[in-house]
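Everything on this sheet refers to the single structure shown next.
The values are calculated or read from the model by the stated rules, or taken from the named source; none is laboratory data. All values reported here derive from a predicted model rather than from experimental measurement. Quick reminder, even Gly has a Cβ in these numbers, built from the backbone with ideal geometry, and neighbours come from all protein chains shown. All accessible areas refer to the heavy atoms of the entire protein, side chains included, with ligands and DNA or RNA removed. Shrake-Rupley method; radii C 1.70, N 1.55, O 1.52, S 1.80 Å.
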Amino acid sequence: MKKNILSGMRPSGKLHLGNYWGALHRWLELQNGGDQCFFMVADLHALTTGYEDTGSIKSNIEEMVLDWLAAGLDPEKSVIFQQSRVPEHAELALLLSMITPLGWLERIPTYKEQLRELSGREIATHGFLGYPVLQAADILLYKAYGVPVGEDQLSHLELCQEIARRFNHIYGPVFQEPKALLGQTPKVPGLDGRKMSKSYGNAVELTETSEGLWQKISRMYTDPQKIRANDPGHPEGCVVYALHKIYNSQSAVRETECREGRIGCVACKKHLLSLMEPALKPLHEKRAELAKKPNLVRDVLEAGNEKAHQAARTTLDEARRAMNLDPI
Ligand code: TRP
Ligand code: SF4
């Protein structure tokens, strides 16, 4: 029997290379392995910090799912669905919230960090504190054995395991404890060398056109001490080099050439363009083609929601029965 895998992404609109190499690339590998994958648009999670302005939530979902499809997520193979349209997520999150001690939530590092980072906004809400409980519900509903996540999500996954254990201990064995599927993901810095993020304005989109791509590459941060082509350079810290490591199978050669002052930054950037352009071109072409189909994303999600609902319903019924919440 196939085992289940679940992962999710908050709908942030068009994806960038950080999203791709950090998550989507791994999803594609898993989709084409032997397991049943569930890929979720985590729109309820988006509300935990973005509840005030929901005006762009639909277009963000549409853009993100189009990118998923353009990159190769296949609704024939994977269940692609929208969290808020599968009400079992909200219901199980409520049930799990009953057995989750506040202390477990307050000690999660991402909670304190985000409170600090987003201090301008009122996010000290019940929903925000409960973010990882909702995430636990997402995972446990599908009895997923594996969850592809980045390092930053490990504390959420550990909490999910603890909640599953506690539930099984109190009410009897219903849930399977999931494990993190950590892959090696290359580091993708943004144009300025900070973490790639839409909000920093330093992102390279996954479906960038060739002209757009050159504009971005020409702006990339390089070694500021390397002024002339034959100055020796320091590839560590250089954004162009970080991308060579991903797109250039001979990146070690480039490292030496840079250090020995045998190549200039402009030539190095042009070379990068020649490597990235053919890698990204099929994606933006595919995306343009998909974007022409009216209602594509809506239809994909509707079909996926139905499949997710069937699976989630079975588990939720089991949980309710274990808690004596089935009909009296
Ligand atoms: N919290 C995850 C993130 O920010 C998104 C997410 C929501 C998720 N539910 C999930 C990831 C369930 C894995 C499993 O990246
Ligand atoms: Fe970066 Fe290439 Fe310039 Fe070296 S030559 S600093 S790797 S852009």
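If you scan the stretch 100-138, which residues turn out to be of a type in the set (A, V, I, L, M, F, W, C), outside any loop (DSSP other than H, G, I, E, B) and open to solvent by 20 Å² or more (accessible area, probe 1.4 Å)?
Leu102, Trp104, Leu115, Leu129, Leu134
Please state which one of Leu157, Leu96 is in contact with a strand residue (DSSP E or B) (Cβ under 7 Å, 6 or more places away or on another chain), part of a helix (DSSP H, G or I), open to solvent by less than 20 Å² (accessible area, probe 1.4 Å) and at pLDDT 95 or above.
Values: Leu96 fails: in contact with a strand residue (DSSP E or B) (Cβ under 7 Å, 6 or more places away or on another chain).
One residue alone meets the criteria, Leu157.
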For the stretch 28-48, indicate whether the set of residues that are of a type in the set (Val, Ile, Thr), within 15 Å of ligand 1 (Cβ to nearest atom) and at pLDDT 95 or above is non-empty.
yes
Being free of Cβ contacts under 8 Å to residues at least 24 places away in the same chain and crowded, with 21+ Cβ neighbours inside 10 Å, is that true of even one residue in the stretch 182-200?
no
In this structure, does Asp152 turn out to be charged (D, E, K, R), within 19 Å of the chain's Cα centre (by Cα) and either away from ligand 2 (no atom under 16 Å from the Cβ) or open to solvent by 50 Å² or more (accessible area, probe 1.4 Å) (or both)?
yes
Which of the following residues is surrounded by fewer than 16 Cβ atoms within 10 Å (Cβ to Cβ) and assigned by TED's automatic domain parsing to the domain that holds Glu63: Glu302, Glu236?
Glu302
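Please find, among Glu277, Glu318, the residue that is under 25 Å from Val86 (Cα atoms), in a helix (DSSP H, G or I), touching a residue at least 40 places away in the same chain (Cβ under 8 Å) and away from ligand 2 (no atom under 16 Å from the Cβ). Can you show your working first?
Values: Glu277 fails: under 25 Å from Val86 (Cα atoms).
Step by step, each of Glu277, Glu318 is checked, and only Glu318 is under 25 Å from Val86 (Cα atoms), in a helix (DSSP H, G or I), touching a residue at least 40 places away in the same chain (Cβ under 8 Å) and away from ligand 2 (no atom under 16 Å from the Cβ).
Residues checked against (1) free of Cβ contacts under 8 Å to residues at least 60 places away in the same chain; (2) among the hydrophobic types (A, V, I, L, M, F, W, C); (3) open to solvent by less than 40 Å² (accessible area, probe 1.4 Å):
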residue	(1), (2), (3)
Lys2	yes, no, no
Leu6	no, yes, yes
Arg10	yes, no, no
Lys14	no, no, no
Leu28	yes, yes, yes
Gln31	yes, no, yes
Asp43	yes, no, yes
Say we look at the stretch 203-231 and pick out the residues that are part of a loop (DSSP other than H, G, I, E, B) and within 18 Å of the chain's Cα centre (by Cα); which of these is modelled with the lowest pLDDT?
Thr207
Are any residues in the stretch 49-63 assigned to a helix (DSSP H, G or I) and either over 25 Å from Val79 (Cβ atoms) or modelled with pLDDT under 95 (or both), and if so, which ones?
Thr49, Gly50
Can you name the residue in the stretch 264-299 that is of a type in the set (Asp, Glu) and either within 16 Å of ligand 1 (Cβ to nearest atom) or surrounded by 13 or more Cβ atoms within 10 Å (Cβ to Cβ) (or both) and, of all such residues, is farthest from Asp223 (Cα to Cα)?
Glu285
Looking at the stretch 52-87, which of the residues that are within 16 Å of ligand 1 (Cβ to nearest atom) and open to solvent by 20 Å² or more (accessible area, probe 1.4 Å) is nearest to Glu289 (Cα to Cα)?
Asn60
Pairs, first under 16 Å from Glu236 (Cβ atoms) and in contact (Cβ under 8 Å) with a residue 24 or more places away in the chain in the stretch 251-264, second hydroxyl-bearing (Ser, Thr, Tyr) and away from ligand 1 (no atom under 16 Å from the Cβ), C-beta under 9 Å, six or more apart:
Cys258/Tyr241
Take the residues in the stretch 236-250 that are in contact with an Asp or Glu (Cβ under 8 Å, 6 or more places away or on another chain) and not in a helix (DSSP H, G or I), then tell me which one is farthest from ligand 2 (Cβ to nearest atom).
Gly237
His234 versus (1) closer than 30 Å to Glu63 by Cα; (2) free of Cβ contacts under 8 Å to residues at least 60 places away in the same chain; (3) touching a Lys or Arg at 6+ places or on another chain (Cβ under 8 Å); (4) not small (Gly, Ala, Ser): which is the lone unmet condition?
(1)
State whether the residues of the stretch 162-172 include one that is under 30 Å from Glu318 (Cβ atoms) and not in a helix (DSSP H, G or I).
yes
Note on Val253: of the conditions (1) within 10 Å of ligand 2 (Cβ to nearest atom); (2) assigned to a helix (DSSP H, G or I); (3) among the β-branched types (Val, Ile, Thr), unmet is (1)
